[in-house]
Amino acid sequence: MIFEGIWLTLVGSIASALVSSSFIPQIIKGYRTKKLEDVSYLLMILISAGMSLWIVYGIEKQDYVIIGANVTTIGLNMLLLTLKIKYSH
């Protein structure tokens, strides 16, 4: 293996931070413009479903990086969904 122990955890933590933070620009843009027509409900539903399954997987594996990353991403996804619903009226 290339990475082991703490280094593997560090790689996973960096990867999860990058993936989770990818929602932030869309949230900021949506909040500023109050326009989220181009954001798909289906995308958000599928992402939430996938992240939920990753959380179950992380719990079974007792991998707190996987659990934390996916809980964070679901939270950001739910925030984006809330903004989309709020600004669609």
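Here are the numbers:
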quantity: Nearest-ten-degree value, helix 41-61 long axis tilted from longest Cα axis of the chain; calculated: 20
quantity: Extension gain (nm, one decimal) between Ile85 and Val71, 0.36 nm per residue minus Cα-Cα; calculated: 3.0 nm
quantity: Long-range lysine pairs (8 or more apart or interchain), the chain, Cα under 25 Å; calculated: 6
quantity: Global form of segment 8-72, assessed from the alpha-carbon gyration tensor, a/c cut-off 1.5; calculated: oblate
quantity: Estimated 222 nm signal from helices in the chain, with DSSP H stretches of n ≥ 4 weighted -39500 (n - 2.57), rounded to 500; calculated: -27000 deg cm²/dmol
quantity: Contact order normalised by residue count of the chain, Cα under 8 Å, 6+ apart, percent; calculated: 43
quantity: Cβ charges +1 (Lys, Arg) and -1 (Asp, Glu), total dipole of segment 34-89, debye; calculated: 260
quantity: Using alpha-carbon coordinates, inclination of helix 24-33 to the longest axis of the chain, degrees; calculated: 10
quantity: Cα long-axis angle, helix 6-21 against the chain (0 to 90 degrees, to the nearest 10); calculated: 10
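Values quoted throughout were computed directly from the atomic coordinates according to the rules given, and no laboratory measurement underlies them. Everything numeric here is computed off the predicted structure, so don't read it as measured data. Cβ atoms come from the backbone with ideal geometry, glycine included; neighbour counts cover every protein chain shown.
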